[in-house]
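Participant: Before we start, here is the structure in question, set down as structure tokens.
The values are calculated or read from the model by the stated rules, or taken from the named source; none is laboratory data. All values reported here derive from a predicted model rather than from experimental measurement. Cβ: placed from backbone, ideal geometry, glycine included. Neighbour counts: every protein chain shown. Ligands, DNA and RNA are stripped out before the accessible areas are found, and what is left, the full protein with its side chains, is counted by its heavy atoms. Shrake-Rupley method; radii C 1.70, N 1.55, O 1.52, S 1.80 Å.
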Amino acid sequence: MLNPVTAIFEDRLRNLLPAAAFKEDIAPYMSEPRGRRSGHGIVVAPATTEEVAALVKACAEASVGIIPYGGGTGLVGGQLSDEGPKPVVLSLERMNKIRAVYPTENVLVCDAGVILADVQKAAEDVDRLFPLSLASEGSARIGGVLSTNAGGVNVLRYGNARALCLGLEVVRPDGTIWHGLTRLRKDNTGYDLRDLMIGAEGTLGIITGAALKLSPRPVGIGAALMAVPSPQAALDLLAFAGARIGDGISAFEIMHRQGMDFLAEVGPQQREPLDEIPEWSVLIDVGLPEGLSPEAALEGLFEAGFEQELVTDGVIAQSRAQRQELWDIRENIPEANRRIGSVSSHDVALPLSMIPEFIEKAGAALAALGDFRVNCFGHLGDGNLHYNVFPASGRSRADYDGQATDVKRTVHDLVAQMEGSVSAEHGIGRLKVVDLEKYGDPAKLAMLRAVKDALDPKGIMNPGAVLAPPR
């Protein structure tokens, strides 16, 4: 049983931590990017791991819940809650130091509150690459990125956040510190606690520091937008590109024309690179070592793909500025989606070969429910689709009151039938707790609960996130 933050308990925290740790204006921490959920609590921002430990220990002793807060960019409600006793919202924003960079090891060590873009810049300063790239990289913080095992556009080549982390420093639910900030690539000494904490969404402890893997910077980078006849052609082109370019492919994104239509309708305004907006297109990004031309590689792929009838049109960036213009199209689609306002949004993963069939069946199933527009786009290279359902033209989200649940169930049921996941890269948070209960393997759920109970017996760590409260 959790207890609420009381005036007496808050005074106790103020005696433990400096005044700078306490946020008086808490409004920015009590809403999420889509404005669909709100939170409550006091907001405390420790500046050191020791301060985090003191805060967590006090909460454990008083059985007060803690909600970790990174950059606040999560889309599944993992960073806020307005249910249950008033919690402590623990912001990482003041833990924002790059602790060390080891270029010869390709390792960077930082506080968990460092913004992702600042990690990228610190890597660039030593001629290295931290390849994790998200639309929210200007505000997302490393602790949140790791806690949700974030993906982004470069998973095809570099993997999720989990693959980019060597070691962690974590404050456990009792306030003790796990000093696991290793830079080793081989450490076969028991259970991999790092992997346990990554993706746990703050339900097992507070990540306060991380040792991150860097990579050499590709000398030649390039991008191309290619129109394809169908999702199946896109999938075939992905395999074809892999055979020709190999590991040089950094990203392979699929986009339906609905996304570009939304950009034209509500912005952000983009210059359309092709004469006609294709029904389906792919954005291919490559990074090659010295001596290899990305433009030549993409031109060869286009010509060969055209001969195979996998490509019907395309444009190849001839400069970094043109490459960015192509990426601006892809990266601005989520903002256009937000401006339109979805009936129901879905972050799903599927076996690659099942994606064309899923797109066909999901479209037919939704058409049987009502009049919708579907914007299907995402990371085809790793099987992650953002399959978002919107009101028909001229109608608003309010016109579909009561249908969102049916839409989500229709999409998620089909994903489950095709052995996919209803959460590819956004996590479970609080929004998808019921989905995890419904679609999760019972044995997996039992193990998740056993781990949670063992590490956080009082249930203070991000209560209500990932796992439903015990019945």
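Participant: Return the distance in nm (one decimal) between the two label points of a simple spin-label model at Ala454 and Tyr102, each offset 7 Å from Cα along Cα→Cβ.
Facilitator: 2.9 nm
Participant: Next up: With a ≥ b ≥ c taken as the square roots of the eigenvalues of the C-alpha gyration tensor of region 205-332, please select rounded if a/c is under 1.5 and otherwise prolate if a/b is larger than b/c or oblate if it is not?
Facilitator: Values: a/c = 1.68, a/b = 1.18, b/c = 1.43.
Since a/c reaches 1.5 but b/c is at least a/b, the shape of region 205-332 is classed as oblate.
Participant: When all protein chains stay in place, what accessible area (Å², nearest 10, 1.4 Å probe) is found for Lys213?
Facilitator: Its accessible surface works out to 60 Å², give or take rounding.
Participant: Right, something else. I want the local charge near Leu156. Using Cβ-Cβ distances under 11 Å, sum +1 for each Lys or Arg and -1 for each Asp or Glu among the other residues. Don't jump to the answer; show the numbers that get you there.
Facilitator: On the way: positive: Arg157; negative: Asp247, Glu253, Asp285, Asp382.
Net charge in that neighbourhood comes out at -3.
Participant: Could you run the Karplus curve 6.51 cos²θ - 1.76 cosθ + 1.60 with θ = phi - 60° over region 168-174 and give me ³J(HN,Hα) per residue in whole Hz, x for Gly and Pro?
Facilitator: Once rounded to whole Hz, the list reads 9, 10, 9, 8, 6, x, 9.
Participant: Now, a different point. Rounded to the nearest 500, what is the 222 nm mean residue ellipticity of the chain from helices alone, with -39500 (n - 2.57) per DSSP H run of 4+ residues and division by all residues? Intermediate results must be reported in sequence, preceding the final value.
Facilitator: On the way: 14 runs with 159 residues, N = 471.
Dividing the helical sum by the residues of the chain leaves -10500 deg cm²/dmol.
Participant: Further, regarding this structure: Per residue, how large is the accessible surface of the chain? Use a 1.4 angstrom probe and give square angstrom. Please report the intermediate quantities before stating the final value.
Facilitator: On the way: 20390 Å² over 471 residues.
With the other protein chains kept in place, the chain gives 43 Å² per residue.
Participant: Something else now. Cα gyration tensor of region 369-470, axes a ≥ b ≥ c as square roots of the eigenvalues: rounded (a/c below 1.5), prolate (a/b > b/c) or oblate? If you can, show how the numbers build up before the last one.
Facilitator: Details: a/c = 2.51, a/b = 1.87, b/c = 1.34.
Prolate.
Participant: Relative to the longest principal Cα axis of the chain, at what angle does helix 442-455 sit, 0 to 90 degrees, rounded to 10?
Facilitator: Between the helix axis and the principal axis of the chain, the angle is about 40 degrees.
Participant: Now for a different question. Using modelled backbone amide H atoms (1.01 Å from N, in-plane), which distant-in-sequence or interchain residues come within less than 5 Å of Val343's amide H?
Facilitator: Val389, Phe390
Participant: Based on DSSP loop calls and a cut-off of at most 11 other Cβ atoms within 10 Å, the longest stretch of the chain free of exposed GluC sites (Glu not before Pro) is what? List each step's numbers first, then the result.
Facilitator: On the way: sites that count: Glu24, Glu83, Glu276, Glu290, Glu309, Glu419.
Within the chain, the longest run free of exposed GluC sites (Glu not before Pro) spans 84-275.
Participant: Summing Lys, Arg as +1 and Asp, Glu as -1, what charge do residues with Cβ under 15 Å from the Cβ of Glu357 carry, Glu357 excluded? Provide the component values of the computation, followed by the final result.
Facilitator: Working: positive: Lys361; negative: Asp236, Glu360, Asp413, Glu419.
Around Glu357, the charge tally is -3.
Participant: If you don't mind, there's one more thing I want to ask. Distance cut-off 27 Å, Cα to Cα: go down the list Lys361/Lys452; Lys213/Lys458; Lys23/Lys438; Lys438/Lys458; Lys213/Lys444 and report the pairs above it. Can you show the working numbers first?
Facilitator: Details: Lys361/Lys452 37 Å; Lys213/Lys458 34 Å; Lys23/Lys438 38 Å; Lys438/Lys458 25 Å; Lys213/Lys444 29 Å.
Long pairs (Cα-Cα over 27 Å): Lys361/Lys452; Lys213/Lys458; Lys23/Lys438; Lys213/Lys444.
Participant: Still on this structure, I have one more. Region 1-58: which trypsin sites (Lys or Arg not before Pro) are DSSP loop and have at most 12 other beta-carbon atoms within 10 angstrom? Present the calculation step by step, with values, prior to reporting the outcome.
Facilitator: Details: sites: Arg12, Arg14, Lys23, Arg34, Arg36, Arg37, Lys57; in loops: Lys23, Arg34, Arg36, Arg37.
Here the trypsin sites (Lys or Arg not before Pro) that fit, given the DSSP loop and packing criteria, are Arg36.
Participant: Taking all protein chains as present, what is the carbon and sulfur share of the accessible area of the chain, in % to the nearest whole number, probe 1.4 Å?
Facilitator: Numbers: 10390 of 20390 Å².
With neighbouring chains kept in place, the figure for the chain is 51 percent.
Participant: A further question on this structure: Return one number: the angle in degrees, 0 to 90 and rounded to the nearest 10, between the long axis of the Cα atoms of helix 294-307 and the longest principal axis of the Cα atoms of the chain.
Facilitator: Between helix and principal axis, roughly 60 degrees.
Participant: Hey, what angle do you get for helix 320-340 against the long axis of the chain, alpha-carbon based, 0 to 90 degrees rounded to 10?
Facilitator: Rounded to the nearest ten degrees, it is 60.
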